[in-house]
């Protein structure tokens, strides 16, 4: 099962009552606004995840689109308990193999709980 959240923030903010003000002055997007979006995004994700059969692999794509408004790790932690199969989160970023740390969009150290690297440069034998 694939859940694509690429357009979720754009769709949500476009329907916000202060959307025009946010477009004109993006600094008006406060952490409180981000938390409101997170609440709605997590509710949608939980609903979709609860519909997945217990042993399915669910892939979430587009998580880079919530940066810098939300923490990918924060969203993942809030949906983790609903996942009954496997959760695969694909995101653009870098991996430091020495420290086993991940950086979403190379911004800062991030969530690495049970994370595995899929390296497109490495040949599979």
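Which distance in nm do the two modelled labels at residue 1 and residue 82 give, with both placed 7 Å along the Cα-to-Cβ direction?
0.9 nm
With a 10 Å radius around each residue's Cβ, average the other Cβ atoms per peptide and rank 4-13, 22-31, highest first.
So the order, starting with the most tightly packed, is 4-13, 22-31.
Per-residue counts of other Cβ atoms within 10 Å, averaged by peptide: what ranking do you get for 64-73, 88-97, highest first?
Going from most to least packed, we get 64-73, 88-97.
Using the alpha carbons of segment 2-91, what is the convex hull volume per residue in cubic angstrom, as a whole number?
Cα convex hull per residue, to the nearest whole number: 84 Å³.
All of the numbers you see were taken from the coordinates with simple rules; none came from a lab. From a predicted model like this one, the values you see are computed outputs, not experimental measurements. For neighbour counting, all protein chains shown are included, and Cβ atoms are generated from backbone atoms with ideal geometry for every residue, glycine included.
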